[in-house]
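The values are calculated or read from the model by the stated rules, or taken from the named source; none is laboratory data. Source: prediction; values computed, not measured. Cβ sites come from the backbone with ideal geometry, for glycine too, and all protein chains shown count toward neighbours.
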Amino acid sequence: MPDPYAPALPRPTEPKPYAPAELRALDRAHVWHPYGPMPGRKEPLVVESASGVRLRLAEPAEGQRELVDGMSSWWSAVHGYNHPVLNEAARGQLDRMSHVMFGGLTHEPAVRLAARLVEITPEPLQHVFLADSGSVSVEVAVKMCLQYWRSAGRPEKQRLLTWRGGYHGDTWQPMSVCDPEGGMHELWSGSLPRQVFADAPPDGFDAEPDPAYTTRLRELIARHAHEVAAVIVEPVVQGAGGMRFHSPGYLRVLREACDELDVLLVFDEIATGFGRTGELFAAGHAGVSPDVMCVGKALTGGYLTMAATLCTSRVAEGISRGEVPVLAHGPTFMANPLAAAIASASVDLLLGQDWAGEVARIGTGLRSGLAEAAELPGVADVRVLGAIGVVQLDHEVDMAAATRAAVREGVWLRPFRDLVYTMPPYVTGDDDVRRICRAVCAAAREG
Ligand SMILES: *Cc1c(COP(=O)(O)O)cnc(C)c1O
């Protein structure tokens with residue numbers, strides 16, 4: 001192609017960099033942060049760059065200029081930052097095109113990624129909707145399920161059933177299936193669609209499924225099956241709803257009950273996907289597959305926002321048989337080529353290494369490094385699964401004090417409620433895992 005911008009490409013002058021104090025003042029005055037007030041009341045740390053597992057700060061905090069990231073930027077940066085392979089994928093795609101609309105057009109990055117996701121997820125999942133965030137992928141999953149039943153001549157099946165303690169995102173339908181109590185969306189309980197809630201699954205990945213709970217769960221699904229389109233849950237690990245682990249046995253119970261009672265089953269693997277729990281997808285612990293599945297967060301290795309909703313041929317064909325035989329959803333940035341190219345590279349990078357070995361290695365490090373936390377006053381529980389470590393306190397954490405304590409140890413953590421937790425990038429070395437554990441213990445002590 002001839003260069004369409006030659007010869008006279010106007011170039012804006014480089015903006016003058018902000019001094020950190022100036023940047024913080026503008027941030028406080030104008031920029032919303034997650035779950036934040038306006039104007040902002042807490043001083044966020046300014047990150048200048050990031051590489052490997054380290055965030056580099058614009059100015060020292062608690063004597064530290066670099067922090068080991070114990071959060072993987074909320075489950076996403078599994079390969080660490082500034083990774084040469086992902087940078088290469090981004091640059092290559094950037095030189096071809098960063099975006100083009102997906103209506104009436106397609107492109108190799110999207111097709112390659114979709115085919116790859118079909119290949120690596122449970123066999124019945126055959127069709128992929130590439131959404132622009134996790135919450136949107138959950139909206140799409142819900143729309144698929146409601147539309148499936150509408151097309152099947154059962155439009156009264158419109159509600160969702162879930163268990164308490166979940167988190168599925170911040171847009172409307174996802175909020176309606178988040179934990180209704182003590183969660184972040186309680187304010188909206190009057191205006192959200194009213195869903196059916198079971199008790200939270202009993203704690204413990206290794207615990208035998210509780211027969212009494214199982215019976216109640218089945219009965220609840222049976223009682224509401226006539227009006228419920230789908231059961232939606234996070235398999236094995238409930239993340240932002242409380243960092244709780246449950247037996248994979250409950251997923252088998254859900255699968256059987258849903259099959260028997262004509263209800264679809266949705267697994268939200270946005271946090272658990274891509275190896276975090278020790279299986280590539282957490283559903284693998286149970287050996288069951290859902291009708292619809294959401295992935296996100298680690299999908300692009302933390303580079304760009306993208307998520308995906310996968311469904312079975314039964315669901316897709318059902319929708320296509322209806323009076324409106326299409327899935328009426330199409331975000332502007334659907335299947336963004338830049339994000340898709342990076343996602344494919346990230347998946348290949350993951351599967352091209354012994355990711356299960358790395359996750360197990362980090363799990364072992366977390367188990368030994370967090371053991372001492374169990375002895376601390378104020379600690380209610382310590383648990384580890386895959387590359388996830390959780391210290392639960394018997395009180396609400398003092399976020400500012402806990403964060404400061406972690407930063408003093410040279411580690412970035414983001415505690416919430418009564419939880420100090422970590423899910424490090426899979427490339428975190430053993431010394432840095434130990435450092436993260438020291439920081440979690442310090443945060444638990446001082447928070
Ligand atoms: C983070 C998360 C979401 C929401 O994803 P966003 O990309 O933040 O919209 C949904 N479900 C689960 C389980 C999550 O962890």
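Can you run down the residue pairs with Cβ atoms below 7 Å, 6 or more apart or on separate chains, where the first is in segment 341-360 and closer than 22 Å to Gln93 by Cβ and of a type in the set (S, T, N, Q) and the partner is at pLDDT 95 or above and not in a helix (DSSP H, G or I)?
If the second residue must be at pLDDT 95 or above and not in a helix (DSSP H, G or I), the pairs left are Ser346/His79; Ser346/Gly301.
In segment 234-268, what residues are touching a Phe, Trp or Tyr at 6+ places or on another chain (Cβ under 7 Å) and among the aromatic types (Phe, Trp, Tyr)?
Listed by number, the list holds a single entry, Phe245.
For Leu265, indicate whether it is within 16 Å of the ligand (Cβ to nearest atom) and within 29 Å of Gln353 (Cβ to Cβ). Break it down into steps so the answer makes sense when it comes.
On the way: within 16 Å of the ligand (Cβ to nearest atom): yes; within 29 Å of Gln353 (Cβ to Cβ): no.
Considered against the rule, which asks whether it is within 16 Å of the ligand (Cβ to nearest atom) and within 29 Å of Gln353 (Cβ to Cβ), Leu265 comes out as no.
Across segment 45-92, what is the number of residues that are within 16 Å of the ligand (Cβ to nearest atom) and either part of a loop (DSSP other than H, G, I, E, B) or touching a Phe, Trp or Tyr at 6+ places or on another chain (Cβ under 7 Å) (or both)?
Within segment 45-92, the subset within 16 Å of the ligand (Cβ to nearest atom) is 71-78.
Applying the additional criterion that residues be either part of a loop (DSSP other than H, G, I, E, B) or touching a Phe, Trp or Tyr at 6+ places or on another chain (Cβ under 7 Å) (or both) yields 71, 76-78.
Total meeting the criteria: 4.
Could you give every pair whose Cβ atoms fall below 8 Å, whose first residue belongs to segment 110-127 and is under 16 Å from Ala341 (Cα atoms), and whose second residue is assigned to a helix (DSSP H, G or I) and among the hydroxyl-bearing types (Ser, Thr, Tyr), counting only separations of at least 6 or pairs across chains?
Arg112/Ser344; Leu113/Ser344; Arg116/Ser344
Taking the condition of being among the hydrophobic types (A, V, I, L, M, F, W, C) and over 27 Å from Phe274 (Cα atoms), how many residues in segment 353-405 meet it?
12
Assigned to a helix (DSSP H, G or I) and touching a strand residue (DSSP E or B) at 6+ places or on another chain (Cβ under 6 Å): which single residue out of Ala298, Ala340, Ala316, Ala335 fits that description?
Only one candidate qualifies: Ala316.
Checking Arg216 against (1) exposed (fewer than 15 other Cβ atoms within 10 Å of the Cβ); (2) modelled with pLDDT under 95, only one condition comes out false. Which one?
So the condition that Arg216 fails would be (2).
Only residues that are of a type outside the set (S, T, N, Q), closer than 18 Å to Arg244 by Cβ and touching a strand residue (DSSP E or B) at 6+ places or on another chain (Cβ under 8 Å): list them for segment 388-416, please.
Correct list: Ile388, Gly389, Val390, Val391, Leu393, Asp394, Val397, Pro415.
Hey, among the residues in segment 148-172 that are surrounded by fewer than 22 Cβ atoms within 10 Å (Cβ to Cβ) and within 16 Å of the ligand (Cβ to nearest atom), which one's farthest from Ser135 (Cα to Cα)?
Across segment 148-172, the extreme among qualifying residues is Arg164.
Pull out all pairs, ordered by first then second residue, where Cβ-Cβ is under 9 Å, the residues are six or more apart or on different chains, the first lies in segment 184-210 and is closer than 16 Å to Val253 by Cβ, and the second is part of a loop (DSSP other than H, G, I, E, B) and among the β-branched types (Val, Ile, Thr).
Close Cβ pairs (under 9 Å, with a partner that is part of a loop (DSSP other than H, G, I, E, B) and among the β-branched types (Val, Ile, Thr)) amount to Phe205/Val236; Phe205/Thr277.
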